[in-house]
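Before any comments, here is the structure.
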Amino acid sequence: MQIHGYRVPMFASLFLWAILWEIVGRLGLTILLPPLSDVLVRMVEIVPTRSFLNALWITAEAFVAGNLIAIAIGVPLGVLMGRSAIADRILLPWVNLFLSAPLTALVPVIMVLFGLGQTTIVLTVVLFAIWIIVLDARAGVRAISPSLLEMAESFGATRWQAFRQIHVWAAMPEILAGIRLGMIRAVKGVIIGQLLVSIVGFGALFKLYGSRFLMEHFWAALLVLFAFAFAIAEGLAWLERRVDYYAASRS
């Protein structure tokens, strides 16, 4: 099986960091960083447990719901900003503001409005994910060739048909890139939401392990979370490469 060139240095880097982690852990310089081998053994122990699987389910439920909402709102909003100069002038400063703002500080505001529960956690995920989706969808639409849209108009396409059959598909590479980056940000959002709003899911595990200095358990849960984010990023990156040919239709 052929391995893409960019993957070789990536895996080599991960391997070197794993060796360094193991060495530092074996030296016993701090109790906060146990050896990687011990963390992996602990991971095999805790992953099949009911408490871990329940935490994974609660976290995944909020993560999926938040991302679906972010995509359902973010993609059409980005397309609108890409097609309408008025909408772009009105909304772009706010999108850039929220993208660069420390969003964790806004979580208490959501708590006041929606209370302590799963709804607030889902909205926290939306808050972290949506803005980069909007910007990338906007960039994809603005890159579409005007001749492609003129051709659609000449064939009598309605605005809905143009949105569904032209804007979305022609901007698909950028939309997928935005979704990939949004989902990576959403991983941080769901954990912050579970830690600040309601101590459930992975947030509850991190709170428990950290308060009891169960660092092998803590790092094992964190590695599972990292693996989850890595799998999402790689899966969507593969999908991006599969649909890159749509970009050719815009030139």
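The values are calculated or read from the model by the stated rules, or taken from the named source; none is laboratory data. Note that this is a predicted model, so its numbers are computed, not measured. All Cβ positions, glycine included, derive from the backbone under ideal geometry; neighbour counts span all protein chains shown. We work out accessible area using only protein heavy atoms, side chains counted, and drop any ligands, DNA or RNA first. Shrake-Rupley method; radii C 1.70, N 1.55, O 1.52, S 1.80 Å.
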Rounded accessible area of V112 (nearest 10 Å², 1.4 Å probe):
120
Find how many whole Å separate the alpha carbon centroid of segment 151-192 from the alpha carbon centroid of segment 92-129.
22
Per 0.36 nm of contour for each residue apart, how much would the distance between V64 and V47 grow if the chain were fully extended, relative to their Cα-Cα spacing?
4.1 nm
With the 1.4 Å probe rolled over protein heavy atoms, the chain has an accessible area per residue in Å² of 56
Judged on accessible area alone, 1.4 Å probe, highest first, E150, E174, E61 line up as E150, E61, E174
Length released on extending from A12 to T158, taking residue separation times 0.36 nm less the Cα-Cα span:
47.4 nm
For the chain, which DSSP H helices look membrane-span-like by this rule: Cα extent along the axis of 24 Å or more and mean Kyte-Doolittle of at least -0.5?
7-27, 50-83, 118-142, 172-196, 215-242
Under the helix-only model (-39500 (n - 2.57) for each DSSP H run of 4 or more, divided by the residues of the chain), the mean residue ellipticity at 222 nm, to 500 deg cm²/dmol, is -26000 deg cm²/dmol
Hey, of (i) -0.57, -0.68, -1.43; (ii) -0.46, -0.56, -1.54; (iii) -0.62, -0.73, -1.32, which did the structure itself give for log10 I(q)/I(0) by the Debye sum over Cα atoms at q = 0.10, 0.11, 0.18 Å⁻¹ when calculated?
(iii)
Can you classify segment 122-185 as rounded, prolate or oblate using the Cα gyration tensor, where a ≥ b ≥ c are the square roots of its eigenvalues, rounded means a/c under 1.5, and otherwise it's prolate if a/b beats b/c and oblate if not?
prolate
What does the accessible area of I73 come to, in Å² to the nearest 10, when a probe of 1.4 Å is used?
90
Extension gain from I199 to M151, taking 0.36 nm per residue of separation minus the Cα-Cα distance:
11.9 nm
Roll a 1.4 angstrom probe over the protein heavy atoms and tell me the percent of accessible area of the chain that is carbon or sulfur.
71
Using label points projected 7 Å from each Cα along Cα→Cβ, tell me how many nm separate S211 and L29, to one decimal.
3.1
